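The values are calculated or read from the model by the stated rules, or taken from the named source; none is laboratory data. Being a predicted model, the structure only gives us computed values, none of them experimental. Cβ atoms come from the backbone with ideal geometry, glycine included; neighbour counts cover every protein chain shown. All accessible areas refer to the heavy atoms of the entire protein, side chains included, with ligands and DNA or RNA removed. Shrake-Rupley method; radii C 1.70, N 1.55, O 1.52, S 1.80 Å.
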Amino acid sequence: DAKTTQPPSMDCAEGRAANLPCNHSTISGNEYVYWYRQIHSQGPQYIIHGLKNNETNEMASLIITEDRKSSTLILPHATLRDTAVYYCIVRATDSWGKLQFGAGTQVVVTP
Amino acid sequence: NAGVTQTPKFRVLKTGQSMTLLCAQDMNHEYMYWYRQDPGMGLRLIHYSVGEGTTAKGEVPDGYNVSRLKKQNFLLGLESAAPSQTSVYFCASSYSNSGGAVEYFGPGTRLTVL
C-alpha cells in the first residue's frame, strides 16, 4: 500500500472548518484513500473513504485531487469533540483488516 | 445497534495467568480482527477471521489464540500472560464490497500484566 504524509499537528477554532491535508504521491489506481480518527483512549473511528470522486457523509467531506496524489479531509464545523488524531490511509480494495496507521495529524479544536 | 463491543474494559493479570477477551458485533460482518496498540505506536494485527469457524494469523500472533465459533463473536485468548502483552487490545469487524472494506472498532480492553 502507498505511503502517506500528513502534518503532525494543527489547531482549529470551534465552529470553523478544519481542512486536513494528506499527500499520497505513489498511490496506485486500485487504491482507496481512507480517513480514520482516534480520540484519546478510544478505538479508531472510520470517517470516510474514496477512490477518485469527492465524497461527503454526515461526518466529513473528502476532496481528492484529479491526479489522486493528494487529498483533503474537511470537517465542516469543528467541535471540541473532534479533537483527535486523524489518520490518512491508502490501501487497495482487497487489503481488508490490514490498516497501517502512520503518525497521523493531531487536531486540537479550541473554544 | 451496539456495533462492536468488548469485554472486559480493563483487566490486570499476573505473569502466567490466562484470560479470554470477548468481542461481539451485531452488524452481521463476515470479517473480524484483533489488534494491539502500544503507547505511541500504531495498531498491530494479532489474528483475524474471514468467517465463522475460520481464523488466521496476523502480524504478531505469538502468545495468543483465537476462536470464532459464532459469526458475531471473536475470542482472543492469552494462555500464559507475559508483561510484554501489556497493551490496549482493539477488536474490529468489517464488511467488504466493491467499494472497499470499512473496519469498525470496539472501545478497547486495557490489559496490564504484572
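Going through the stretch A:25-46 one residue at a time, which ones are touching a residue at least 24 places away in the same chain (Cβ under 8 Å), of a type in the set (Ser, Thr, Tyr) and in a loop (DSSP other than H, G, I, E, B)?
A:SER25, A:THR26, A:SER28
Just give me the residues in the stretch A:23-38 being open to solvent by less than 40 Å² (accessible area, probe 1.4 Å) and either closer than 10 Å to A:VAL90 by Cα or touching an Asp or Glu at 6+ places or on another chain (Cβ under 9 Å) (or both), in sequence order.
Narrowing the stretch A:23-38 to residues open to solvent by less than 40 Å² (accessible area, probe 1.4 Å): A:24, A:27, A:31-38.
A:HIS24, A:ILE27, A:GLU31, A:TYR32, A:VAL33, A:TYR34, A:TRP35, A:TYR36, A:ARG37 - these are the residues of the stretch A:23-38 that are open to solvent by less than 40 Å² (accessible area, probe 1.4 Å) and either closer than 10 Å to A:VAL90 by Cα or touching an Asp or Glu at 6+ places or on another chain (Cβ under 9 Å) (or both).
Return yes when B:MET27 is over 19 Å from A:TYR46 (Cβ atoms) and part of a loop (DSSP other than H, G, I, E, B) and no when it is not.
Criteria not met by B:MET27.
Farther than 23 Å from A:VAL85 by Cβ and loosely packed, with under 15 Cβ neighbours inside 10 Å: is that true of B:LYS57 in this structure? Give the derivation first.
Numbers: farther than 23 Å from A:VAL85 by Cβ: yes; loosely packed, with under 15 Cβ neighbours inside 10 Å: yes.
Yes, satisfied.
Under the condition of being assigned to a loop (DSSP other than H, G, I, E, B) and either on the phi > 0 side of the Ramachandran plot or open to solvent by 70 Å² or more (accessible area, probe 1.4 Å) (or both), which residue from the stretch A:81-111 is farthest from the other protein chains (Cβ to nearest Cβ)?
A:PRO111
Could you identify the single residue in A:ALA13, A:ALA78, A:ALA17, A:ALA60 that is crowded, with 17+ Cβ neighbours inside 10 Å, in contact (Cβ under 8 Å) with a residue 60 or more places away in the chain and more than 28 Å from B:SER87 (Cβ to Cβ)?
Just one listed residue meets the conditions, A:ALA78.
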